[in-house]
1. Hey, can you tell me all the residues within region B:26-59 that are in a strand (DSSP E or B) and either over 17 Å from B:LEU158 (Cα atoms) or touching a Cys at 6+ places or on another chain (Cβ under 6 Å) (or both)?
2. Go through region B:45-71 and report how many residues are of a type in the set (A, V, I, L, M) and surrounded by fewer than 20 Cβ atoms within 10 Å (Cβ to Cβ).
3. When only residues in region B:406-418 that are among the hydrophobic types (A, V, I, L, M, F, W, C) and in a loop (DSSP other than H, G, I, E, B) count, which is nearest to the other protein chains (Cβ to nearest Cβ)?
4. Search region B:350-373 for residues being in a helix (DSSP H, G or I) and touching a Pro at 6+ places or on another chain (Cβ under 9 Å), and hand back the single one that is nearest to B:GLN458 (Cα to Cα).
5. If you scan region B:258-274, which residues turn out to be under 24 Å from the mean Cα position of the chain (by Cα) and either hydroxyl-bearing (Ser, Thr, Tyr) or outside the structural domain of B:ALA204 (by the TED database) (or both)?
6. Which ranges mark the strands (runs of 3 or more DSSP E) fully within region A:86-197 that have 1 or more residues being of a type in the set (A, V, I, L, M, F, W, C), out of contact with any Lys or Arg (no Cβ under 9 Å at 6 or more places or on another chain) and surrounded by 13 or more Cβ atoms within 10 Å (Cβ to Cβ)?
7. B:GLN85 - would you say it is under 23 Å from the mean Cα position of the chain (by Cα), surrounded by fewer than 21 Cβ atoms within 10 Å (Cβ to Cβ) and of a type outside the set (Lys, Arg)?
8. So which pairs qualify, if the first residue must be in region B:343-363 and touching a residue at least 24 places away in the same chain (Cβ under 8 Å), the second must be outside any helix (DSSP H, G or I) and among the aliphatic types (A, V, I, L, M), the Cβ gap must be under 6 Å, and the two must be at least 6 apart or on different chains?
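The values are calculated or read from the model by the stated rules, or taken from the named source; none is laboratory data. Computed from a predicted model, the values in this text were never measured in an experiment. Positions of Cβ are backbone-derived with ideal geometry, glycine not excepted, and every protein chain shown enters the neighbour counts.
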Amino acid sequence: MDKFTKLTSAAIPLPIENIDTDQIIPARFLKATSRDGFGENLFRDWRFHKDGSANTDFVLNNPTYKGSILVAGDNFGCGSSREHAAWAIHDYGIKVVVSSFFADIFKGNALNNGVLPVQVTPEFLQSLLQTIEKNPETQIEVDLKAQKITEINSGNSASFEINSYKKTCLMNGYDDIDFLISNKSEIEAFEAARVLI
Amino acid sequence: MKKTLFDKVWDAHVVKEIENGPQILYIDKHLIHEVTSPQAFSELEQREIPVFRPNQIVATADHNTPTVDQHLPVKDELSRNQLAQLSKNCEKNNITLYGLGHKYNGIVHVMAPELGITQPGMTMVCGDSHTSTHGAFGTIAFGIGTSQVAQVFASQCLLLQKPKSLRVNVNGTLKAGVLPKDVILYVISKLGTNAGTGYFCEYAGNVFEEMSMEGRMTVCNMSIEMGARGGMIAPDQTTFDYIQGKEFAPKGEEFDKKVAYWKTLPTDQGAVFDKEYHFDAADIEPMVTYGTNPGMGIKISETIPVQDSASFEKSLNYMNFEKGQSLLDQKVNYVFIGSCTNSRIEDFRVAASYIKGKQKADNVTAWFVPGSQQVAQQIVDEGLNEIFEDAGFKLRQPGCSACLAMNDDKIPEGEYCVSTSNRNFEGRQGQGARTILASPLVAAATAIEGKIIDITKQLN
């Protein structure tokens, strides 16, 4: 897994609420057996018309907005557990998703793929969206160690929560498998001690 | 300390607590399917990690399988590859697979309960968010991502923070024509799509106590649609009777011992939940959704609410509905009865009871997709298939089908589909398709009338 410590980038605004994982990556693209290449179909049906031509009204097709931070509306990533959504976001080059609320499974999937979900207040989200829309060049700094997101120009900032274990994993590029395997003797002891089930 | 059903099951599965961190939770059963497992298998292979407990894993093929001509090779190359990959991975790792054509094949959340794999007090996971279905048995069951699938392969455990607790109480008498699907669509319409995020939900009250296991599964299935990772219902005599005699259920003395344990699981009197809601059963009517998330539901007799927000308008625009509009008399050309929410025998009994002696509307294309081979067989055995055929319907073969349209069962662009599935997201049933979620009774009535009708008027 990629390490994540600090990132400074412009951001892409997507102020739509309840963006579900079917929008992030539609089911018909889940037939691959590897983790690669999902980025080209990220937000497929919003990004492209049915004939395959680009929908120029969609923000990812607007050259004004660039960067590796996506700023999205409330309840981002709801719906299906497909990790393909996190893979698509990661593969497209997004390292941070900012929203006022994240769905549970998506949040876990993102963290397991080196994508940082940054949850801020609805007020901070609104101000961030307005700033980006006014000035698409606005640089945003996301500092995982300090758990802080800052608009560089204005200095406007907010702190965000992250589980301390997951923070360590992300900062060092660790994943859960090695940790779990290192506990195998305890897992076996647990199995041996069980009476029921 | 008074414990909830959830606490009792969770606490019995904690292997270890990490200081200031998550807990290592032991997983009893791991269900897998073709779409979310291949990358987990290849990750283990790359890292040369063996599958730790293959006999606690059960696999089925369901998400992208065709629902016609299952005896022929799967036409779509990518689907065929993915299915072949699943067979190969299961064979290599000694995992039981109920593949296409097997008598136990079916949608993962239909197949496991009907085989007695799902039992109270267990922890169960699957790379599918509707794993919450199994909570109907008093099981902690939840959906996981593929990285977590790999973790369970490697260690039969997951690293998790214990979620908060939520209880939804529904008491009173349900009106005629109100089905378990209506109850859960009503609850989600009141609480919204993220009220349950970070929580595990218990459903309590006489409405759930009086429900069949099929009904309880429908309710728990949609817990994720209000954001809750899982939903649970306390095991009781209905649960025990359902499990007894099932293929993989404990037998004889072993069964009695298990039942004695299962009886200790219900939430203690006086246990406190982090959040609690109460609803009156009499307020619930048959429900339909009008928007692009499952929380956007109304009683069938109501009109679409008037709300001003860009997201709300985007949603109505996609559905081609107006604020304040009624859905009654809305012409509908597609009907889907199926999915892990409503494809069990009881759902087809409800549909057949309405359809009997009537004829399918000419404008309607209807897909009736049983959840498993066993359900399909039962439909035939109970004579329901004759009722469907006499009315102009044809039963298809089991699978997830038009719920997520990974196979050929896609609703065309711009068309409305009254669907018994669980998600009305944009494009969920096909690019540009417009989904209206409803119960099997409302779906059956729509298939006969060719439009949405107020079913309660016929029943009263």
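1. Scanning region B:26-59 gives B:TYR26, B:LEU31, B:VAL58, B:ALA59.
2. Selection size over region B:45-71: 2.
3. B:MET406
4. B:TYR354
5. Within region B:258-274, B:THR267 is the sole residue that qualifies.
6. Answer list for region A:86-197: A:96-99, A:116-119, A:140-143, A:148-151.
7. Taking the combined requirement at face value, the residue does not satisfy it.
8. Close Cβ pairs (under 6 Å, with a partner that is outside any helix (DSSP H, G or I) and among the aliphatic types (A, V, I, L, M)) amount to B:ALA351/B:ILE337; B:ILE355/B:ALA391; B:LYS358/B:ALA391; B:GLN359/B:ALA391; B:LYS360/B:ALA391.
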